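First up is the structure itself, then whatever we jot down about it.
The values are calculated or read from the model by the stated rules, or taken from the named source; none is laboratory data. Everything numeric in this text was worked out from a predicted model, so none of it was measured. Because the Cβ atoms are built from the backbone with ideal geometry, glycine has one as well, and the counts that use them run over all protein chains shown. What goes into the accessible areas is simple: the full protein's heavy atoms, side chains included, and nothing from ligands, DNA or RNA. Shrake-Rupley method; radii C 1.70, N 1.55, O 1.52, S 1.80 Å.
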Amino acid sequence: MARDPRFDPLFEPLRIGPVTAPNRFYQVPHCTGMGYLRPQMLAEMRGVKAEGGWGVVCTEYCSIHESSDETPYPCASLRDDDDVSNLRLMTEKVHAHGALAGVELWYGGHGSANLYSRATSLDVASLPNDATLGVPAQSQAMDRSDIRAFRKMYREAAKRALQADFDIVYVYANHYYLLHNFLNPDFNRRSDEYGGPAANRVRLLREVIDDVAAIVAGRSALAVRYSIPRDYENDPKGLLECFSLIAELPDLWDITVDDYGYEMGSSRFVREASNQEAMRKIRSMTSRPVVGVGRFTSPDTMLAQIAGGIQDFIGAARPSIADPFLPQKISQGRLEDIRECIGCNVCYAHDSLAVPIRCTQNPTMGEEWRRGWHPEKVTPSHADETVLIVGAGPAGLEAACTLGRRGYRVTLAEAETELGGRINRESSLPGLAEYARVRDWRIEQLARMPNVDIYPDNRLDTDAVLRLDSQHVILATGARWRSDGVGRWRRQAFAGCEQDAVIGVEQLLDGFNPGGHVVIYDDDHYYLGSALALYLRAQGAGVTMVSPQDSLGGWGKFTTEHRPAMRALIEAGVQVVTARGLVEFADGRAEFECVYGGARTSIAADYLLPISARVSNDELWRELDARRDEFGTAGGLSLQRIGDCRAPGIIAQAVFAGHLAARDLGQASIGPKRDRVVLS
Ligand code: ADP
Ligand code: SF4
């Protein structure tokens, strides 16, 4: 298919200082949980993005010195010659596809606790550590000799960046790291030539830009990553004034807003292109090319950015994770094949856990090297065989798609009228509409596969499965929520759990409108609790949420959902109670005990909604497993269960399980290989 000429502006090359980007698709620096620890995984993953058409592909934050060490998080690093060799692997793979490679040179300041190196962090002042771990330590306020040493670190790292063949070298001046902190009067109270008016606060950044520019001159472009206020009309920190003083110095500006939860907010709370007006403002203040993110997945929105003069490049982290081939698909006129990011931030959550990122929509993310998975290529089936998949939730849909692409003859049976499983219910909740993309993209793909037959409204039992006589059977029958409170905190059902006033998650999502006052007991700690609370409030119910942990929805801290979810709950008038475990429900009161001291409290409740653990729908599996010897004439080559039917988990895990089962069918499983140093 040919490209719609409307999108041509997205494919125009653009000069960035001495180098030229082949198009406007720019993968901005983004964390991977791979970094210096897993260089082969990293290089392969970045290379795949270049192959998919991203014209610029950058590293994540890249440490320039031992005193900028964010262990246990594995950032990239350019601290010595070994780092140069490892990162050259990435630049080679990026260059092989005609893209430019960028490196984001990073110094953490009070944002790095240096837990491995035990070096002292340097910063504009002595500031308490402000990294995810909140280590009880402070940085050292830099004196003039520290400033000289810091500038030298940047110069040395810039030289190494050239050795590693990077085309774009970043000076990183946002996200509350050192260079930002000099700009920010909340931190910078210095009385020397680096403190006070904007011209002084911007001095160090200007010096570092000049230093790096002198080194990379003519060979690489110099980019600065910089943040401006989200509400740019209101600039109490003077970030725009500082910007105006250096607006023409770099070859490119990579702009974010100074609120990380907004910059990469989850789709529950932040929409596509949400920074657009701030970007327009900055674009008017410089003649240099500008790039910014906005979780762009719509080609029309992208076009509006470029054609409307809002920015010069389409900056992307998450859209490039969800679909590394997004640019190529636009270029080939295959818009319906774009696998759109759903904004769940599961990718970021895993970086926040210091492990390689993964993606709900793209199960190959992070598996390019260690399992040899390519997002667009699969191994054809080895034989003309039939596969029956039971259940069309995320796991079953993904298995069907991938087996269909491999050329198997696939039958997908689903009990409900609508395909989608848990997605159907959950995406109807406030803020979760984009989760439907997990279902819709796969249904769209399947509709074009003549070798896949889909049977909705077909609840299969054991006899039906045996009658169908497929050579491979994959059970993806999902899981259901418990309503007896058994979960992390309780190991046994709570007293009174059998009453009608105890409602189940599915009951609620299937349309039951309780009214009155509902107490939600949330021992799941992810998005469902707060989403259901907001849903109930919207229906007019009074809601109290109780958690046995110290905060509500604690896992949401990894996905950036926690703070906005709390804000939304408070604004909606939801009462929040923490550190209380559910004990019993009797006489219209839910009774809890303090998880520390055991003191009892009770809350009046018309209804109690426990959200704790789930139970696999594995009845079919157990029956079939017991009757394996009855598998019919076709031979019954394999029977397996996947996704929530095997072990309940997040949607990303179900999609991954479906993909893994489909990739491995009929062939030896590859990996996961381990990316590590081997002593010889
Ligand atoms: P997962 O996240 O593992 O994909 P879901 O719960 O989202 O699991 O989806 C499971 C799907 O399986 C649901 O749509 C459910 O209706 C369907 N299902 C469960 N049991 C059967 C069955 N016996 N026959 C057909 N479909 C089934
Ligand atoms: Fe988007 Fe979620 Fe994938 Fe991250 S994990 S890229 S937010 S779909």
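Here are the numbers for the structure shown:
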quantity: Three-way shape label, the chain, alpha-carbon gyration tensor, a/c 1.5; calculated: oblate
quantity: Rounded to whole Hz, the Karplus (6.51, -1.76, 1.60) HN-Hα couplings of the range 6-11, x for glycine and proline; calculated: 3, 8, 3, x, 6, 10
quantity: LEU335 versus HIS382: modelled label distance in nm, points set 7 Å from Cα along the beta carbon direction; calculated: 4.2
quantity: Stretchable slack from LEU679 to GLU156, in nm (0.36 nm times residue separation minus alpha-carbon distance); calculated: 185.4 nm
quantity: Projected label distance in nm at ALA433 and ALA354, using a 7 Å step from Cα toward the beta-carbon; calculated: 4.0
quantity: Among the listed pairs LYS49/LYS281; LYS49/LYS329; LYS329/LYS377; LYS159/LYS237; LYS93/LYS377, those beyond 23 Å (Cα-Cα); calculated: LYS49/LYS281; LYS159/LYS237
quantity: 3J(HN,Hα) from dihedral phi, the range 380-388, Karplus parametrisation 6.51/-1.76/1.60, rounded to Hz, x for glycine, proline; calculated: x, 4, 7, 8, 7, 10, 9, 10, 9
quantity: Gain in span if fully extended, GLU207 to ALA247, counting 0.36 nm per residue against the direct Cα distance; calculated: 13.0 nm
quantity: Long-range amide H partners of HIS97 with built H, under 5 Å; calculated: none
quantity: Estimated FRET transfer efficiency when R0 is 41 angstrom, pair ARG459-THR578 (beta carbons, to 0.05); calculated: 0.50
quantity: Dipole magnitude (debye, nearest 20) for the range 122-222, charges at Cβ of Lys, Arg, Asp, Glu; calculated: 220
quantity: Cα Rg, Dmax (largest Cα-Cα span) when computed across the range 392-476, Å; calculated: 13.2, 42
quantity: The range 482-614, relative contact order [Cα under 8 Å, separation at least 6], %; calculated: 36
quantity: Whole-Hz ³J(HN,Hα) from phi, Karplus 6.51 cos²θ - 1.76 cosθ + 1.60, for the range 505-512, glycine and proline x; calculated: 4, 5, 4, 5, 5, 8, x, 5
quantity: Nearest-10 value in Å² for the accessible area of TYR260, using the 1.4 Å probe; calculated: 80
quantity: Paramagnetic reach from ASP82 in the range 650-680 [backbone N under 13 Å; point 7 Å along Cα→Cβ]; calculated: 676-680
quantity: Sequence-distant residues sharing a close amide H with ASP4 (under 5 Å, placed H); calculated: GLY333
quantity: Order of exposure, largest accessible area first, which applies to ARG480, ARG271, ARG491 with probe 1.4 Å; calculated: ARG491, ARG271, ARG480
quantity: Restricting the range 215-278 to GluC sites (Glu not before Pro) in coil, as DSSP defines it, with at most 13 other Cβ within 10 Å; calculated: GLU233, GLU248
quantity: Reach of LYS557 by Cα under 17 Å, taken over aspartates and glutamates that are not fewer than 8 positions away in the same chain; calculated: ASP130, ASP259, GLU263, ASP351, ASP522, ASP523, ASP524
quantity: Protein-only accessible surface order, largest first, of HIS562, HIS472 at 1.4 Å; calculated: HIS562, HIS472
quantity: Positive-pole candidate from PHE187, ALA413, CYS645, dipole of the chain, charges at beta carbon; calculated: PHE187
quantity: Helix-only CD estimate at 222 nm, as mean residue ellipticity for the chain, using -39500 (n - 2.57) per DSSP H run (n ≥ 4); calculated: -8500 deg cm²/dmol
quantity: Efficiency of FRET between SER191 and ASP235 - r from beta-carbon atoms, R0 22 angstrom, step 0.05; calculated: 0.45
quantity: Cα Rg over Rh - the range 482-614, Kirkwood; calculated: 0.93
quantity: Nearest-10 value in Å² for the accessible area of TYR176, using the 1.4 Å probe; calculated: 70
quantity: Potential lengthening between VAL595 and GLN140 on full extension [0.36 nm per residue; Cα-Cα distance subtracted]; calculated: 159.9 nm
quantity: Per-pair calculated FRET efficiency, R0 = 25 Å: ALA96 and THR20 via Cβ, rounded to 0.05; calculated: 0.90
